[in-house]
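Below is one structure, written out as structure tokens; the observations come after it.
The values are calculated or read from the model by the stated rules, or taken from the named source; none is laboratory data. In this text the structure is predicted, and so the values were computed from the model without any measurement. Here the Cβ is made from the backbone with ideal geometry for all residues, glycine too, and neighbour counts use every protein chain on show.
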Amino acid sequence: MEQQVLTIVCKLNPTPEQSYKLDATLEAFAKACNFANQTVNPKITNKNRIQGEVYKAIREQFGLTANLAVRACARVAANRKTAKLKKRPVKQFKPTSADYDARVFSYQEKDQTVSLSTVEGRVRIPLVLGNYQIGKLKGKTPTSATLSKHRDGKLYIHIQVKDDVPPPQKPKDVIGVDLGRRDIAVTSEGQSWSGESVNKIRERFARVRASVQAKGTKGAKRLLKRLSGRERRYQSWVNHNISKQIVRRAKATQSIIALEDLTGIRERTNCQPRSKTERRRSNSWAFYQLRLFIDYKAIKEAVDVITVPPAYTSQTCHNCLHIHPQKGKSYRSGIPPLPPFLRGVGGICGWKGDADLNGATMIKRLGESVSLLETRNPLSCSLLDSVTG
């Protein structure tokens, strides 16, 4: 049976002395990563080669245990690979997180504590857990975790646990999902989640941020951090709820979820001439997070998720498959000049309705074409069928 890796975020409750040791470890880990990144040839992305060149120096200079030194080299290698894909240099490492494996980390379910290696010895720290974390960690023996210092200055441990997932269910249908700003998500079945209240809250946060930033005081900076956390938590809450309902519906109807492949869309849209306000509005909502939430919830519920090319999905009529470039919330399949071989057929279908629903249905049809075996191609044009049939 396949397994899914989940990350459980748990708050630590250290003593002042333990906090000092953990902060010192995070500082040493970041310095070790920066040292390795600056010392080793930037073209080297293999963690074993990086480790071979700087392991001894890291142990001597920064006081890390053997496994933390190995984890630092692996962190540099992973960041270099990611930066290479994005064609960007590796940025400076900050003392905000450190990776742990089974030799330097352990979790005790009996007293809800974790044991962590630091630069000043081993420490055992109690956890502050809710029912969700307790349920996910019950009966587990995790072997990896990440010590993290969040923006609020508090320490957390991100524990990775493995869950067994059932095999994917046999699909009978496809649910297309169109993501947007006016409506956050619309399915091909007509279910939608309006973005009106979300947009109002985001605009309120933007106004407050602009007002606070203008002051520039220390108190204003602290307030900005709190506002950032609130908006981020609100986005996660909304995305969790939407993804949960979409996956639940797909499981109930034995459907595949079809989404647009929006990789790189932010970079592409930012190249277009737009106002500062419009740029902020289009970049501030976490669509990628919603996609990730759908992915991992679908795996757990044995639901398949596929992606389709996004080109023209919102401009193509799902009924007759003709492209009609239109803007706004309403969509209508117009009657453009027809090519000679279609003249006299009767024109375009004239379907009209919600533009997002049309886009979601078009995504569904694209999903059907690559996932389901049907006697009739779901992307065949009805007008052409009438001519050739």
Test: residue in the stretch 189-199 that is within 30 Å of Lys149 (Cβ to Cβ), modelled with pLDDT under 75 and either touching a strand residue (DSSP E or B) at 6+ places or on another chain (Cβ under 7 Å) or surrounded by fewer than 16 Cβ atoms within 10 Å (Cβ to Cβ) (or both): no
Need pairs with beta-carbon distance below 8 Å; first residue assigned by TED's automatic domain parsing to the domain that holds Leu259 and within the stretch 236-247, second charged (D, E, K, R) and modelled with pLDDT of 90 or more; sequence gap 6+ or separate chains. Ser243/Lys297; Lys244/Lys297; Val247/Lys297
Unique match (being in a loop (DSSP other than H, G, I, E, B), out of contact with any strand residue (DSSP E or B) (no Cβ under 7 Å at 6 or more places or on another chain), without any contact (Cβ under 8 Å) to a residue 40 or more places away in the chain and closer than 19 Å to Lys300 by Cα) among Gly153, Gly139, Gly135: Gly139
Of the residues Val104, Val54, which is free of Cβ contacts under 8 Å to residues at least 40 places away in the same chain and within 26 Å of Thr15 (Cα to Cα)? Val104
Residues located in the stretch 1-35, provided they are closer than 24 Å to Val161 by Cβ and aromatic (Phe, Trp, Tyr): Phe29
Qualifying position, being surrounded by 20 or more Cβ atoms within 10 Å (Cβ to Cβ) and either assigned by TED's automatic domain parsing to the domain that holds Ser148 or at positive phi (or both), among Val76, Val119: Val76
Give the number of residues within the stretch 125-143 that are under 24 Å from Pro95 (Cβ atoms), surrounded by 17 or more Cβ atoms within 10 Å (Cβ to Cβ) and of a type outside the set (A, V, I, L, M). 1
Can we say Ile58 is over 23 Å from Gln160 (Cβ atoms), crowded, with 20+ Cβ neighbours inside 10 Å, of a type in the set (A, V, I, L, M) and assigned by TED's automatic domain parsing to the domain that holds Tyr132? yes
Looking at (1) in a loop (DSSP other than H, G, I, E, B); (2) at pLDDT 80 or above, which is the only condition Arg181 fails? (2)
Let me confirm something: among Lys86, Lys149, Lys81, which residue is assigned by TED's automatic domain parsing to the domain that holds Ala24, farther than 16 Å from Lys31 by Cβ, in contact with a Ser or Thr (Cβ under 6 Å, 6 or more places away or on another chain) and not polar (S, T, N, Q)? Lys81
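Residue by residue, here is whether (1) more than 23 Å from the chain's Cα centre (by Cα); (2) in a loop (DSSP other than H, G, I, E, B); (3) more than 30 Å from Ser115 (Cα to Cα) holds:
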| site | (1), (2), (3) |
| --- | --- |
| Ala145 | no, no, no |
| Ile157 | no, no, no |
| Asn199 | no, no, yes |
| Arg202 | no, no, yes |
| Phe205 | no, no, yes |
| Val212 | yes, no, yes |
| Lys221 | yes, no, yes |
